[in-house]
Every structure is written in C-alpha cells, then in structure tokens.
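Visitor: I am attaching a structure below and will ask some questions about it afterwards.
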Amino acid sequence: SVWLCFILNVPLQVAVKFWRIRSILAGPSILAITIYFRSWARQKQRMRVEFMGFSVRKCMCACEDDRPIVYGNIAKLMKATLVPHTSSDDEALDAFDNLAHTTLPDAFLFALGDVSFSYKHLAILCILVYGADA
C-alpha cells in the first residue's frame, strides 16, 4: 500500500515540476514574441512613411546620364496608362509619385503579410511554448 502511494505520487510530482518549468519558460517566450511583433509593426509603419516621402526625382541613379532616359520611360508608361497623352513629362512624373504614395504602400505591405513567418514556424513555436500535448 505504501509502495502504491509512492508509485502513484512520483509521476504526479514530476508532472507538477514539468508544468512549473513550462510556465516559467512560457513568460519570456511570450515576451520575446510580443517584442518581435511590435518591432515588425513599427517597421511596417516606417515603410509606409517612407513610401509617402518617395519622389522619382530624389532617386539615385547609377549613371546620371541615364536619368533622362529613365524619366522618359516612366513618363511614357504613365501616359500609356494613367494620365492623358497630352500631359507633360513633369505631370506624368508627378502622377507616378502620386501612384507610389497612394497605391504602392498598401500593395507592398499586403505582399509582406500581417505575420512575418509562415504557419509552419508558428506551429513549431507553439509546440516549444505549450508542448505537443496542448
């Protein structure tokens, strides 16, 4: 009878210690994940602000002799799609800047997604934090 109590009690004590260790490790893990996601949210907000300050005229060109060609190609693209054909090149470049300010931030951030890692990584993280039996 004493041995039976001992045999039944040992797994219970081990389980309680295991849960205490898991609880102790879960806090820092959750804190690290929270810090990571807050940092990611700040980075996405900075990207949005940088898109709002974009201007094709401020872009660096590897070869300054190519700048008129690049501007001309952008103007042709904009005249073929979004601005009237009679618009000047400056109006077309302004329309391109406006397109970069209005459409590009949402499209770029949508392509990045809300979560910066895949479901597989989230599943592994949950197993590490909560265990496979959760």
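Visitor: Condition first: open to solvent by 80 Å² or more (accessible area, probe 1.4 Å), in contact with a Lys or Arg (Cβ under 8 Å, 6 or more places away or on another chain), modelled with pLDDT under 80 and closer than 30 Å to Ile33 by Cβ. Can you find one or more residues in the range 111-124 that meet it?
Guide: The first filter runs over the range 111-124 and keeps only residues open to solvent by 80 Å² or more (accessible area, probe 1.4 Å), leaving 111, 114, 119-121, 124.
Pick out the ones that are also in contact with a Lys or Arg (Cβ under 8 Å, 6 or more places away or on another chain) and you get none.
So far as the range 111-124 goes, no, none of its residues is open to solvent by 80 Å² or more (accessible area, probe 1.4 Å), in contact with a Lys or Arg (Cβ under 8 Å, 6 or more places away or on another chain), modelled with pLDDT under 80 and closer than 30 Å to Ile33 by Cβ.
Visitor: Being free of Cβ contacts under 8 Å to residues at least 12 places away in the same chain, closer than 20 Å to Arg48 by Cα, open to solvent by 80 Å² or more (accessible area, probe 1.4 Å) and not basic (Lys, Arg) narrows it down to one of Asp90, Asp106, so name that one.
Guide: Asp106
Visitor: Kindly indicate whether Ala26 is surrounded by 10 or more Cβ atoms within 10 Å (Cβ to Cβ), modelled with pLDDT under 90 and either in contact with a Pro (Cβ under 7 Å, 6 or more places away or on another chain) or assigned to a helix (DSSP H, G or I) (or both).
Guide: Working: surrounded by 10 or more Cβ atoms within 10 Å (Cβ to Cβ): yes; modelled with pLDDT under 90: yes; either in contact with a Pro (Cβ under 7 Å, 6 or more places away or on another chain) or assigned to a helix (DSSP H, G or I) (or both): yes.
Here the answer is yes, as Ala26 does meet what is asked.
The values are calculated or read from the model by the stated rules, or taken from the named source; none is laboratory data. Being a predicted model, the structure only gives us computed values, none of them experimental. FYI the Cβ positions are ideal-geometry reconstructions off the backbone, even for glycines, and counts take in every protein chain you see. In case anyone asks, the SASA skips ligands and DNA or RNA and just uses the protein heavy atoms, side chains included. Shrake-Rupley method; radii C 1.70, N 1.55, O 1.52, S 1.80 Å.
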